[in-house]
Each structure stands twice: as C-alpha cells, then as structure tokens.
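Following: one structure in structure tokens, then a few remarks.
No value in this document is a laboratory result; all are computed from the given coordinates. Owing to the predicted nature of the structure, the values given are computational and were not obtained by experimental measurement. In this analysis, Cβ positions are derived from the backbone assuming ideal geometry, glycine residues included, and neighbour counts consider all displayed protein chains.
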Amino acid sequence: MTMTRTIPVLALVAALALSGCSGLSKSEQMTLSGGAIGAGAGALGTFVTGGCVACGAAVGGAVGAGAGFLIDQYQGRN
C-alpha cells in the first residue's frame with residue numbers, strides 16, 4: 001500500500017476506534033488512556049533501540065493500562 005493510501009486508512013481506523021470510547025466510565029478512560037500512552041511509548045522505545053516493536057508495544061500497553069488503573073484508584077480515594 002502506498003503512503004498516500006496508508007495515512008487516510010489509519011486516520012479512518014483511529015476515528016472508528018475512538019468513537020467507541022464515548023460511553024466509558026472515568027476509570028475505564030484512565031485505564032484506556034494509560035494503555036494507549038504506554039503502547040506508544042513502548043513501541044517508540046523499542047524502535048529506537050532496535051528491538052521488537054510489537055513486543056515493546058504490548059508490554060508498554062500492559063504496564064500503561066495497569067498504571068492508569070492504579071492512578072484512577074488512588075485519585076478516587078482522595
């Protein structure tokens with residue numbers, strides 16, 4: 001697939017994925033955003049260091065989702 005076709009397809013996929021997030025609770029939103037940030041950071045980190053990008057995204061997403069959930073639970077108690 002050429003680059004001119006890839007960007008619109010990725011934009012459409014992202015828009016459809018994000019449209020399903022409108023009815024989430026605050027806890028679910030924090031967990032999801034933590035996972036997304038973690039996946040991006042993990043993928044970028046492994047890309048820069050030459051590692052397995054998919055593995056980095058998976059591990060980063062799991063750690064980020066856990067961190068987002070724990071932060072939400074901590075903020076809910078205060």
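Of note:
- Which of L32, L70, L12 has the fewest Cβ neighbours within 10 Å, and the rest in rising order: L12, L70, L32
- Computed from the Cα positions only, the extents of region 23-77 along the three principal axes stand at 40, 22, 12 Å, in decreasing order.
- Each of V53, V13 has some number of other Cβ atoms within 10 Å of its Cβ, and from fewest to most they run V13, V53.
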